[in-house]
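S.K.: The following block contains the structure, expressed as structure tokens.
The values are calculated or read from the model by the stated rules, or taken from the named source; none is laboratory data. Not measured: the values here are computed from a predicted model. FYI the Cβ positions are ideal-geometry reconstructions off the backbone, even for glycines, and counts take in every protein chain you see. What goes into the accessible areas is simple: the full protein's heavy atoms, side chains included, and nothing from ligands, DNA or RNA. Shrake-Rupley method; radii C 1.70, N 1.55, O 1.52, S 1.80 Å.
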Amino acid sequence: MAAFMKEVCDMGGILQQEERNLLSVAYKNVIGPLRRALRITNSVQQKTADERKLKTIAEYKKGLEGKIKQVCDEVQEILIQLIKGAKVEADKSAYDRETAEKLEESHVFFLKMQGDYYRYEAEIEEKINGPVADKALNSYNSAIDAGPTLKPTHPMRLGLALNFLTFYYEIMNNPEKVCELAINAFNGAIAELDTLNEDSYKDSTLIMQLIRDNITLWNCDNGKDSDREG
């Protein structure tokens with residue numbers, strides 16, 4: 001499925017919402033098992049004392065990291081062109097309001113996805129201020145800047161906030177920023193809850209609940225961070 005979606009993207013043009021979702025799901029199905037395998041390998045490595053086993057684990061881990069980087073590089077190559085095309089279209093002033101909003105949403109979607117895949121690669125880098133982590137930070141910030149008209153209750157904006165706070169927690173190890181982002185996103189959405197339409201109500205409220213769960217998990221209400229990971 002990932003190879004098919006890569007071919008679709010290579011054809012050029014603007015992806016519709018269904019196509020964007022297929023692209024996201026296709027590569028999640030590739031990167032997800034690799035990330036899970038790496039987490040399990042790291043856990044086993046930490047619990048192993050046998051030198052021979054550690055050598056084998058290290059070799060396997062190196063292979064997993066190589067595959068993850070390869071997938072991330074492939075996705076970033078696709079996204080560079082999609083982001084460029086989405087920005088060009090979004091910058092045009094000839095569109096009606098509805099079309100302009102859809103193009104803005106598309107631009108935010110690709111920048112958010114770019115940040116996600118830099119984040120996955122930063123998990124391997126394991127450096128708080130490493131170059132890949134910086135790229136992820138820039139992509140997430142660019143996604144925020146690209147969606148000024150998206151309402152606080154918009155699923156895309158809420159999803160971006162959720163992934164951004166995950167980045168600050170897992171990669172940047174910055175619990176204060178995590179809580180700031182989580183509380184601002186949740187309170188902003190609550191304040192405009194009456195603007196939700198039927199089409200996005202389920203998606204928006206689900207993401208809001210995830211953000212609310214993280215606020216509780218990380219003890220943001222008390223101004224303290226939890227030792228548990230989200």
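S.K.: Label Arg97 and Arg39 with points 7 Å out from Cα along Cα→Cβ: what is the distance between them in nm?
M.R.: Taking the simple label geometry, Arg97 and Arg39 are separated by 4.2 nm.
S.K.: With n ≥ 4 as the cut-off for DSSP H runs, can you work out [θ] at 222 nm for the chain, using -39500 (n - 2.57) per run divided by the number of residues, rounded to the nearest 500?
M.R.: Details: 8 runs with 178 residues, N = 230.
The helix contribution divided over the chain gives -27000 deg cm²/dmol.
S.K.: Gln16 versus Asn141, label points 7 Å from Cα toward the beta carbon: distance in nm?
M.R.: 3.7 nm
S.K.: Return one whole number: the accessible area per residue of region 92-180 in Å², for a 1.4 Å probe.
M.R.: On the way: 4100 Å² over 89 residues.
Accessible area per residue: 46 Å².
S.K.: For region 101-165, what D do you get in µm² per second when you plug the Kirkwood radius from alpha-carbon pairs into Stokes-Einstein at 4 °C and 1.567 mPa s?
M.R.: Values: Rh = 11.8 Å.
The Stokes-Einstein estimate is 110 µm²/s.
S.K.: Would you mind getting me the FRET efficiency between Thr149 and Thr205? Use the beta-carbon distance for r and R0 = 35 Å, nearest 0.05. Write down the numbers at each step before the final one.
M.R.: Numbers: r = 21 Å, r/R0 = 0.60.
Taking R0 as 35 Å, the efficiency between Thr149 and Thr205 is 0.95.
S.K.: Check the cysteines of the chain one by one and keep only those with no other cysteine Cβ under 4.7 Å from their own.
M.R.: Cys9, Cys72
S.K.: Right, here's the next one. To two decimal places, what compactness ratio does the chain give when its Cα radius of gyration is scaled by 2.2 N^0.38 Å? Mind dumping the intermediate values first?
M.R.: Values: Rg = 19.0 Å, N = 230, 2.2 N^0.38 = 17.4 Å.
Here the answer is 1.09, to two decimals.
S.K.: Just to be sure I understand: if I project the alpha-carbon convex hull of region 29-107 onto a plane and average over all orientations, what area do I get in nm²?
M.R.: Numbers: hull surface 27.0 nm².
Average of the hull's projected areas for region 29-107 equals 6.7 nm².
S.K.: Now for a different question. Go through Lys28/Lys127; Lys69/Lys177; Lys62/Lys102; Lys28/Lys61 and tell me which ones have a Cα-Cα distance over 29 Å in this structure.
M.R.: Lys62/Lys102
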